[in-house]
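A short worksheet on the structure shown next.
The values are calculated or read from the model by the stated rules, or taken from the named source; none is laboratory data. Just so it is clear, the model here is predicted, and its values are computed rather than measured. Don't worry about glycine lacking a Cβ; one is built from the backbone with ideal geometry, like all the others, and counts go over all protein chains shown. In case anyone asks, the SASA skips ligands and DNA or RNA and just uses the protein heavy atoms, side chains included. Shrake-Rupley method; radii C 1.70, N 1.55, O 1.52, S 1.80 Å.
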Amino acid sequence: MATLQQQARALGDRTRHAIFRYITDADAPVGVAELTDHLGLNHNAIRQHLAKLVDAQLVVGATAPTGGRGRPRLMYELHPTADSRWGAVGPYERLSLMLTEVLRTGDSPETVGVRTGETYPRANDADEAVTNLTDAMARLGFEPEVRKRGARTDIVLENCPFETAALADPTTICALHLGLSEGIAEGSGVAVEELIAKDPRRAGCRLRLRPATDDGATGEQH
């Protein structure tokens, strides 16, 4: 686990801080080419700065398919544990914003979750929807793992970043994230059938997906 001092040193460099802010403010994972264009630096310099941010657990990199021939690209996004003291919106801050909206509007947690999910990038097809859902759950700290069996897809959440809150009020916390998933998947050809909740101390909750039908059936929490 990176220390506060390690993270402070990593962000002490002006260029690294600019890279961190750009990734933090982005709506989707960011590639080296995008950062190169934005900052006007060469690829090697950007990669070296990104390596230090990764070592400090401020950002995390993952490979993304190219859609054709060639090596997969590395894409970078905010590390799930990056603390809001660096100006990043962490998982608990995102949760608090949704809970505040529930109190302010009187809407159900699932409805608020759906509305929040609809602000995420739209998917053009089912595969992209699964990727978007997985990326969103990863950014929240759920450590998702995709498991496919025939037409059915499960996203297994190997970690519960909201363990304390989920133990205190599992109905509300699970409904928020069920709705969030439904909103992200909206109009993509994939529907969130249900959220199979487990003990948050052991994690392993499952988002169960299925091909969407024209009737727009929604998920159901169990």
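Go through Asp169, Asp154 for me and flag whichever is at pLDDT 90 or above and open to solvent by 60 Å² or more (accessible area, probe 1.4 Å).
Numbers: Asp154 fails: open to solvent by 60 Å² or more (accessible area, probe 1.4 Å).
Residue meeting the stated conditions: Asp169.
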If you go through Thr111, Thr100, the only one that is of a type in the set (Ser, Thr, Tyr) and without any contact (Cβ under 8 Å) to a residue 12 or more places away in the chain is Thr100
Output for Cβ contacts, cut-off 6 Å, separation at least six or different chains, first residue under 11 Å from Glu77 (Cβ atoms) and touching a residue at least 24 places away in the same chain (Cβ under 8 Å) in segment 21-32, second open to solvent by less than 40 Å² (accessible area, probe 1.4 Å) and among the small types (Gly, Ala, Ser), reads Thr24/Ala88
Inside segment 135-151, the number of residues satisfying the requirement of being at pLDDT below 90, open to solvent by 70 Å² or more (accessible area, probe 1.4 Å) and under 14 Å from the mean Cα position of the chain (by Cα) is 1
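Would you confirm, using the coordinates I've provided, whether Arg210 is more than 19 Å from Glu93 (Cβ to Cβ), in contact (Cβ under 8 Å) with a residue 40 or more places away in the chain and open to solvent by 10 Å² or more (accessible area, probe 1.4 Å)? Full working, then the answer.
Values: more than 19 Å from Glu93 (Cβ to Cβ): yes; in contact (Cβ under 8 Å) with a residue 40 or more places away in the chain: yes; open to solvent by 10 Å² or more (accessible area, probe 1.4 Å): yes.
Here the answer is yes, as Arg210 does meet what is asked.
Within segment 139-154, is there a residue that is in a loop (DSSP other than H, G, I, E, B), under 21 Å from Val112 (Cβ atoms) and in contact with a Ser or Thr (Cβ under 8 Å, 6 or more places away or on another chain)? So that I can check it myself, show each step before the final result.
Step one: list which residues in segment 139-154 are in a loop (DSSP other than H, G, I, E, B), which gives 140-143, 150-151.
Still in the running and under 21 Å from Val112 (Cβ atoms): 140-142.
From what is left, the residues that are in contact with a Ser or Thr (Cβ under 8 Å, 6 or more places away or on another chain) are 141.
Yes: one or more hits.
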Inside segment 123-134, the number of residues satisfying the requirement of being in a helix (DSSP H, G or I), touching a residue at least 40 places away in the same chain (Cβ under 8 Å) and more than 12 Å from the chain's Cα centre (by Cα) is 3
